[in-house]
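Let me begin by presenting the structure, written as structure tokens, before commenting on it.
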Amino acid sequence: MASSREIRQRIKSVKNIQHITKAMKMVAAARLRRAQERAASSKPFAEKIRQMLVNVANCGEELMHPLLQIREVKNSAYYVVSADKGLAGAYNSNVLKKAAAEVRDKENAHLATVGRKAREYFSRRHYTIDDMFEGFSERPEYTDAIAIAKSMAEKYISGEYDEINIVYTQFYSPLSYAPVVTRLLPVEPPAHLMGTAARGDIRGYIFEPPAADTLKLLVPRYLETLIYTALIQAAASELGSRMAAMGSATENSSEIISQLTLHYNKIRQAGITREISEIVGGAEALK
């Protein structure tokens, strides 16, 4: 049985852990709010660039771009977005299991990782990783999306990949998120906007510079926007999962402290009772 001193030390240790988990929860909550604000502020830009891409694609000219080229899929690539750190509940395990299920039965599947946890997961399982990006999972910047988009575009244009997908976690609320797989290349304008164009609602546009030059600039920006959106969604999901996990850890530590305190009081009371009994016994023996 543990002594009262050992129990006091354990109570102190659990309290220290509780302070850490509570602080981590508060930090995650603050960063989550900022991530949600960034996601909301990026929506108007993403919507406009989607509409512009559809306008150019339906200008009536024969336009081609290497990132729009559809070819037979012989080599598929998966960019897996995970966290750089742990202590985020089931966030990492869910997205990594989703990615592993996608590539498990495919002979010509290639991997690129975004986040340290994805790299470690697939390295331990002896997967070949073609490209790695790390260090920004909680606070992605648009420059990070540009770097990833550049890597994707080079490999697609060179013919190394015939199809590129991104595996990330879609954010719905701090307690609701799910891993999803989205195809990024070849770039396809949104179907619902293409339907609008087909009905003749988009017409009469004059492009300056010409539509072909506009398309060359627009398609890479559209790809970057899709990647940045995925990074923001993943960051919000990671922070929401970490906030929930640290909240549960804080509550569990409170329960452990209560149980240890009760156990400590019982041992202390038993010790006092034993000492009193010994004193009474000694006094009786002296009579």
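Listing for the model above:
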{"item": "Hits in the range 98-118 (condition: free of Cβ contacts under 8 Å to residues at least 40 places away in the same chain and open to solvent by 60 Å² or more (accessible area, probe 1.4 Å))", "result": "R104, D105, K106, E107, N108, R116"}
{"item": "Scan of the range 3-22 for residues that are open to solvent by less than 50 Å² (accessible area, probe 1.4 Å) and either without any contact (Cβ under 8 Å) to a residue 40 or more places away in the chain or not small (G, A, S) (or both), ordered by number", "result": "I7, I11, V14, Q18, T21"}
{"item": "Qualifying residue in the range 34-51 (condition: touching a Gly at 6+ places or on another chain (Cβ under 6 Å), outside any loop (DSSP other than H, G, I, E, B) and either of a type outside the set (S, T, N, Q) or surrounded by fewer than 16 Cβ atoms within 10 Å (Cβ to Cβ) (or both))", "result": "no"}
{"item": "Selection count where residues are open to solvent by 30 Å² or more (accessible area, probe 1.4 Å) and either among the small types (G, A, S) or not in a helix (DSSP H, G or I) (or both), scope the range 228-244", "result": "1"}
{"item": "Residue selected from the range 135-165 under the condition hydroxyl-bearing (S, T, Y) and within 21 Å of A39 (Cβ to Cβ), by the criterion nearest to the chain's Cα centre (by Cα)", "result": "S137"}
{"item": "Matching residues, the range 72-97, being farther than 15 Å from Y127 by Cα, charged (D, E, K, R) and either open to solvent by 60 Å² or more (accessible area, probe 1.4 Å) or assigned to a helix (DSSP H, G or I) (or both)", "result": "E72, K74, K85"}
{"item": "Count - residues of the range 119-144 that are exposed (fewer than 13 other Cβ atoms within 10 Å of the Cβ), among the hydroxyl-bearing types (S, T, Y) and not in a loop (DSSP other than H, G, I, E, B)", "result": "1"}
{"item": "Residues being more than 30 Å from L96 (Cα to Cα) and of a type in the set (D, E, K, R) - total across the range 237-277", "result": "5"}
{"item": "Filtered residues of the range 264-280 (kept if open to solvent by less than 70 Å² (accessible area, probe 1.4 Å) and in contact (Cβ under 8 Å) with a residue 24 or more places away in the chain)", "result": "Y264, I267, G271"}
{"item": "Every pair of residues 6+ apart whose Cβ atoms lie under 9 Å, when the first sits in the range 65-79 and is free of Cβ contacts under 8 Å to residues at least 60 places away in the same chain while the second is basic (K, R)", "result": "none"}
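The values are calculated or read from the model by the stated rules, or taken from the named source; none is laboratory data. No experiment lies behind these values; they were computed from the predicted model shown. A quick note on method: Cβ atoms are made from the backbone with ideal geometry, for glycine too, and the neighbour counts reach across all protein chains shown. Just the protein is used for accessible areas: all its heavy atoms, side chains included, with ligands, DNA and RNA removed. Shrake-Rupley method; radii C 1.70, N 1.55, O 1.52, S 1.80 Å.
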